[in-house]
Amino acid sequence: MPAIVSVAEAIPEHVLTQDQVMDFARDLFSESFKDIERLLKAFHNGQIEKRHFAKGLEWFKTDKSFEDRNNAYIEQAIELGTKAIKCCLENDIFLSKNLQCEEIDAIFTISSSGIATPSLEARIMNNLPFSEHTKRIPMWGLGCAGGASGLSRAYEYCLAFPEAKVLVLTIELCSLTFQRNDRSKSNLIGTSLFADGAACALITGDEVQRDFQKVSSIPRILGTQSTTMRNSLDVMGWEVKNEGLYVVFSKDIPSIIEGWLKPNVTEFLRGKGMEMEKISHFVAHPGGKKVIDAYQKALQFDPDMTKISLDVLKEFGNMSSATILYVLKRFMEIGRKGDTGLATALGPGFSSELLLLEWE
């Protein structure tokens, strides 16, 4: 089965504490909500301590056009994406020697927080020496599920081409979509939760001679499952308006997870001959503290199973598709031969992506 060999992060330079962002939101939203102090409790209840952004706080205090935001998205995405790829292929944690860009057969690029045509990896390929024949598979619109979906599609690519080395590149600059004049509760909650980040993973097929593998055990992908709930388009996503992208974020997400995720997971594991009790690592995208709590309740996991996801949420916030690769990296640093893992992420659609992992 295809294996995940290396994962690396690219972290934006601007750091804001949750208190700084909360003060910014108080100034902005206080005229729109008489109960603003009650609503601001979401900033601390979410247990996020700091986040990283592509721009400093001053940038968000003035109106920006859709063009301004999208130009910033492309510029920052190229910079962070280039860094993430280099860190993945020159990774002294997971690799015993550097890999060359020319060795990569395909790049799956995942992003939902801006628009770029030519797509981001085409622009990045002008900065890094990839082969001109490298296959490009941009994936847009999957939101928080995108990182897991990218891993799944890369797995399938490597099943078809077992000699392939494939990159899954996730780049999200959620902050650059911020709408100062959107005084909805969805925007307030989004302001308390979302952040920027990029990450890159290297997936290889069975016929790749992995003489560059440094760690003793890496996760193989045993199988995947994609599921889309019918008639759930209003759960999360973007509303596209003249000024740009406006966040859609239903307050019912935690309750939807509690009722929908367990049968979804049970069906997937049963089809793979696996039981929930045998899962060693729960590689969960931390959509938010309430989402993590819903995972625990739905799947009846011990809180220790979601500790790494919660730690990533505390340190980085929700970086949409990139976040699950931050979580995966930390599990890859501690995984041992024979361990099993369930990776999961939820996104617009409303949809879920599941992967079953086994450390070899």
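Read-outs: derived from the displayed coordinates by stated rules, not from any lab. Because the structure is predicted, anything quoted here is derived from the model rather than measured. When we count neighbours, we look across all protein chains shown, and the Cβ atoms used for this are built from the backbone with ideal geometry, even at glycine.
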Mind checking which of Thr82, Cys101, Phe53 is farthest towards the positive end of the chain's charge dipole, using Cβ charges of +1 (Lys, Arg) and -1 (Asp, Glu) about the Cα centre? Phe53
Can you tell me what share of the DSSP beta bridges in the chain is antiparallel? A percent to the nearest 5 is fine. 75 percent
With point charges of +1 on the Cβ of Lys and Arg and -1 on the Cβ of Asp and Glu, referenced to the Cα centre of the chain, which listed residue (Leu261, Gly244, Leu169) lies farthest in the positive direction of the dipole? Leu261
For Glu239 paired with Phe161, estimate the spin-label separation in nm (one decimal), with each label point 7 Å from Cα along the Cα-to-Cβ line. 4.1 nm
With N set to the number of residues, divide the alpha-carbon radius of gyration of region 219-359 by 2.2 N^0.38 Å and report two decimals. 1.05
Roughly how many debye, to the nearest 20, is the charge dipole of the chain about its Cα centre, given +1 on each Lys and Arg Cβ, -1 on each Asp and Glu Cβ, and no other charges? 560 debye
In percent, how large is the relative contact order of region 219-359, given Cα pairs closer than 8 Å and 6 or more residues apart? 38 percent
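When DSSP beta bridges are limited to those with both residues in region 3-204, what percentage is antiparallel, rounded to the nearest 5? Walk me through the numbers on the way to the answer.
On the way: 20 of 31 bridges.
In region 3-204, DSSP labels about 65 percent of beta bridges as antiparallel.
From the square roots a ≥ b ≥ c of the eigenvalues of the alpha-carbon gyration tensor of region 3-204, which class results: rounded (a/c under 1.5), prolate (a/b over b/c), or oblate? Write out the running numbers ahead of the final one.
Working: a/c = 2.40, a/b = 2.12, b/c = 1.13.
Prolate, since a/c reaches 1.5 and a/b exceeds b/c.
With r as the distance between the Cβ atoms of Glu102 and Asp293 and R0 = 56 Å, compute the FRET efficiency 1/(1 + (r/R0)^6) and round to 0.05. Write out the running numbers ahead of the final one.
Working: r = 46 Å, r/R0 = 0.81.
Efficiency, from the Cβ-Cβ distance: 0.80.
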Structure-derived Cα Rg over 2.2 N^0.38 Å: which label, when the choices are (i) 0.95; (ii) 1.30; (iii) 1.17: (i)
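Could you work out the helix-only [θ] at 222 nm for the chain, with each DSSP H run of four or more residues adding -39,500 (n - 2.57) and the total divided by the number of residues, to the nearest 500 deg cm²/dmol?
Dividing the helical sum by the residues of the chain leaves -10500 deg cm²/dmol.
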